[in-house]
1. Points 7 angstrom from Cα along the Cβ direction at THR2 and ILE23: gap in nanometres?
2. What full-extension length gain, to one decimal in nm, is calculated for PHE16 and THR53 as 0.36 nm per residue of separation minus the Cα-Cα distance?
Amino acid sequence: MTTLLLTVIIVAVLLFGMSIGVILQNKPIKGSCGGLNALGMKSACEVCHGDKTQCRNRDKKLSRLEL
């Protein structure tokens, strides 16, 4: 039981440390060198299918609804 508890504590501390590192770097998390682009897919977005104007229009509509 102590081994399990120690393992959970170590993993929690490591995850906390990594999240603090990401926050302090103030950079967005990047994707891998593979991913969907390696498969030939332009975008993973099922809403706009890679057309950024559709996403912008959707964001504008959502911001108007929030007001």
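1. 3.2
2. Values: separation 37, 0.36 × 37 = 13.32 nm, distance 3.66 nm.
Full extension from PHE16 to THR53 adds 9.7 nm.
Each reported figure results from applying straightforward, stated rules to the coordinates on display, with no laboratory input. Computed from a predicted model, the values in this text were never measured in an experiment. Cβ atoms come from the backbone with ideal geometry, glycine included; neighbour counts cover every protein chain shown.
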